[in-house]
Every structure is written in C-alpha cells, then in structure tokens.
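Step one of this worksheet: look at the structure below.
Laboratory data are not the source of any read-out in this text; all were calculated from the coordinates shown. Quick caveat, the model's predicted, so the values are computed rather than measured. Heads up, the Cβs are rebuilt from the backbone with ideal geometry, glycines too, and the neighbour counts pull from every protein chain shown.
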C-alpha cells in the first residue's frame, strides 16, 4: 500500500493519473480529491535562445505546456504587456515568473533534476551560472556590425576555450556534471553549446568529454524527440 501511495503521489505531480487512497497509519487520512492539472504558458521569441532550457525541462518531464512564440515584428506592441519588459516568462495558472534561469530552476526542482541534495543543487547552480556568465557576454544587442563581429571573435577565440577547459576538468570521467544522474546543468550545457558550435564549430575539436556529455544528453529519448520536432531556427 505504501508503494502504491508513493506511486500515486509521484504520478499526481506529473499529472498522469488520478488516485484515491487511505493509509492505515493509526490516523485517518481522507481520500484525496481528483488532481487538477496546472496550465503552463511559456512566452518567448521564435528562437531557441533563453527559452530553450525551459523547453528542455518541459520535454524531459513530459508536462504539457503552451509554447507561445513571438515574432520580432510583434514585439514592440507586446513588450508593454510583459512584466519587466523581458522574455521569457512562464505563466502558471495566471501567476507569472520572469527570468529564464529562475523559471528553469523552478521546473528542475519540481521534476527532480535540480540535484538530489542541497550540496548537489548548489553545484548545479554554480555550473549553470558559470556557463551563463559567458553566454551573457555575447553581444547580441550590439548595433554596430563591425564591433559586434570583433567582440564575438574575441570571446569565441580567446575566452570560450578557457571555459570549455574548466568544464572538462570539472566533468572528468563522470557521466553527468553533478551527481549520478542527469540535472538541468547538463541540459543547459547542451543548449548553450549548440549555440556556441553554430558560431564556431571547431570548439568541438578539444575537450572531448564535454562533447560526449552533449551527445549523452541529446540521446535521452524525451530530449531526442524534442530536438527532432522543434522548429528549426538559426539561434
């Protein structure tokens, strides 16, 4: 009965089934009410970008959500309606969360890929923040084309290799960046490295273990299915 109860609670969290049960523990526990699935709506541009880590987490968890993609031509009219004027945002039953990593961290915790212990969770956050520190340096918004290209070239040639070496050393011969199972740090590495390779493909020529990790993430059935079906975009 205990296993059945635990399975029901776990499946309720994933919205997979409705369960009613009572446990004989010396206390009367009334039968639970039927579970109502939350409604999730992700709003972001028609890009991978900062929305993709969130889509990975939805894909991996199997939770249904609305993937609302904004076209750039419509952004100026939509922006004033968005809290803090930035996307992505995630609406959960009318409650809005902004900031991509805050959204991702919430979903990771809800679905068991944030790290198994507080220490693992801290290590996962540290790796995600380390990768994001570099990705945030890329001058996507620079309007001067020559300046933009020069900064991209400098970062990808002189800074990215150091980051990759550090990640390689941290990973070592482990299957996953943190702990014994996949976490959202592994997802974030795959998402960001896909963008990096689109900008400089020869980054894959060194630090072999982190590229093996990338392929390991992409081989996960739910992630592989998402990659196959997602809209094809430049970034």
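Give me the distance in nm between label points sitting 7 Å out from Cα along the Cα-to-Cβ direction at residue 175 and residue 72, one decimal.
The modelled label-to-label distance comes out at 4.1 nm.
Give, in nm to one decimal, the length gained when the segment between residue 136 and residue 39 is fully stretched (0.36 nm per residue of separation minus the Cα-Cα distance).
31.9 nm
Sorted from largest down, give the three principal axis spans of the alpha carbons of the range 118-219, whole angstrom values.
Principal extents (largest minus smallest coordinate, Cα): 45, 28, 22 Å.
Can you give the extra length, in nm with one decimal, that the chain gains between residue 99 and residue 148 once fully stretched, where that is 0.36 nm per residue apart less the Cα-Cα distance?
Details: separation 49, 0.36 × 49 = 17.64 nm, distance 2.45 nm.
Difference between extended and current length: 15.2 nm.
How far apart, in nm, are the 7 Å Cα→Cβ label points at residue 224 and residue 47?
About 3.0 nm, to one decimal.
Return one quarter of the surface area of the convex hull spanned by the alpha-carbon atoms of the range 65-175, equal to its mean projected area, in nm². Can you show the working numbers first?
On the way: hull surface 39.3 nm².
With every direction weighted equally, the projected area is 9.8 nm².
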